[in-house]
Every structure is written in C-alpha cells, then in structure tokens.
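Take a look at the structure set out below.
The values are calculated or read from the model by the stated rules, or taken from the named source; none is laboratory data. All of these numbers come straight from a predicted model, not from anything done at the bench. Note that each Cβ is placed from the backbone with ideal geometry, even for glycine, and that neighbours are counted across all protein chains shown.
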Amino acid sequence: MQQTILNAHRLIGETLREPGRERLGRIVGVDQARRVPVVFVLWQGQQGIQRIELSVDDLRRLVASCERRHATASLAPDAAGSTTDDTSRGTGIAPRRRAGLR
C-alpha cells in the first residue's frame, strides 16, 4: 500500500509528451485502486482532464522513468554547489508535492 502511495506522489505534477501529436500534458491524478490503473492528464491547449488507462507494467515503467529522471537531475549541482540529493534524500525525509487543483 505504501509503495502505491509513493508511486502516485512521484507521478503527480510530472509533464508528459505525447509522441504522435507533439503535445504536452501534466499528470494531475492517479487512480491505482481499480484493476486497471488510470492516470489523469491535463493537456496544454485543451479544457478538461483526459482519463488514460495503463497496464500495471506501463505504470511501473512510467514511475521508473520519473525516478531515473529525478535521480539524474538531483546529482547535478546547483549554483550554491549543493545537490537536491544532499538536501532532501540525505535527511531521510521524502520531498512533498502539492496535489490537487483549485
């Protein structure tokens, strides 16, 4: 259960690029409680949220891709010479994201 929650938090707020249509979208929700996981995406230039069903394997690959991207980004030093790995993961406290829209 805890891993399911962590996966959802990792995905919310991530930007997606749809290869065939060259459009960008942001993940605004994840529903893993059903048999088929669902990701809710808000695409640029469109109103409303699109519901995208994924297989469990596709969802795992998406989470792994986000983790790799963040791991690579966290190892790059900022202007002060520190890395996000030094500040967030070194303390043992997971970074938090705001979820939801108003």
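Go through (1) assigned to a loop (DSSP other than H, G, I, E, B); (2) within 17 Å of Gln3 (Cα to Cα); (3) of a type in the set (D, E, K, R) one by one and return the number of the condition Asp58 breaks.
Going through the list (1) assigned to a loop (DSSP other than H, G, I, E, B); (2) within 17 Å of Gln3 (Cα to Cα); (3) of a type in the set (D, E, K, R), Asp58 breaks only (1).
For region 6-15, how many residues are surrounded by fewer than 16 Cβ atoms within 10 Å (Cβ to Cβ), modelled with pLDDT under 85 and of a type in the set (S, T, N, Q)?
Residues in region 6-15 being surrounded by fewer than 16 Cβ atoms within 10 Å (Cβ to Cβ), modelled with pLDDT under 85 and of a type in the set (S, T, N, Q): 0 in total.
Scan region 1-40 for residues that are within 17 Å of Arg61 (Cα to Cα) and aliphatic (A, V, I, L, M) and jot them down.
Matches in region 1-40: Ile5, Leu6, Ala8, Leu11, Ile12, Leu16, Ile27, Val30, Val36, Val38, Val39.
Does Arg102 fit the bill of being charged (D, E, K, R), at pLDDT below 60, under 16 Å from Asn7 (Cα atoms) and part of a loop (DSSP other than H, G, I, E, B)?
Criteria not met by Arg102.
Given the conditions (1) among the acidic types (Asp, Glu); (2) modelled with pLDDT under 85; (3) surrounded by 13 or more Cβ atoms within 10 Å (Cβ to Cβ), report the number of the one that Asp31 does not fulfil.
(2)
Per-residue answers, yes or no, for (1) without any contact (Cβ under 8 Å) to a residue 24 or more places away in the chain; (2) surrounded by 12 or more Cβ atoms within 10 Å (Cβ to Cβ); (3) among the basic types (Lys, Arg):
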position: Arg17; (1), (2), (3): yes, no, yes
position: Gly20; (1), (2), (3): yes, no, no
position: Gly25; (1), (2), (3): no, yes, no
position: Val41; (1), (2), (3): no, yes, no
position: Gly48; (1), (2), (3): yes, no, no
position: Val56; (1), (2), (3): yes, no, no
position: Leu62; (1), (2), (3): no, yes, no
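Between Val30, Val63, Val41, which is part of a strand (DSSP E or B), touching a helix residue (DSSP H, G or I) at 6+ places or on another chain (Cβ under 9 Å) and not charged (D, E, K, R)?
Sole residue among the options that is part of a strand (DSSP E or B), touching a helix residue (DSSP H, G or I) at 6+ places or on another chain (Cβ under 9 Å) and not charged (D, E, K, R): Val30.
Any idea which of Gln47, Gln3 is among the polar types (S, T, N, Q) and either at pLDDT 85 or above or in a loop (DSSP other than H, G, I, E, B) (or both)?
Answer to the check: Gln47.
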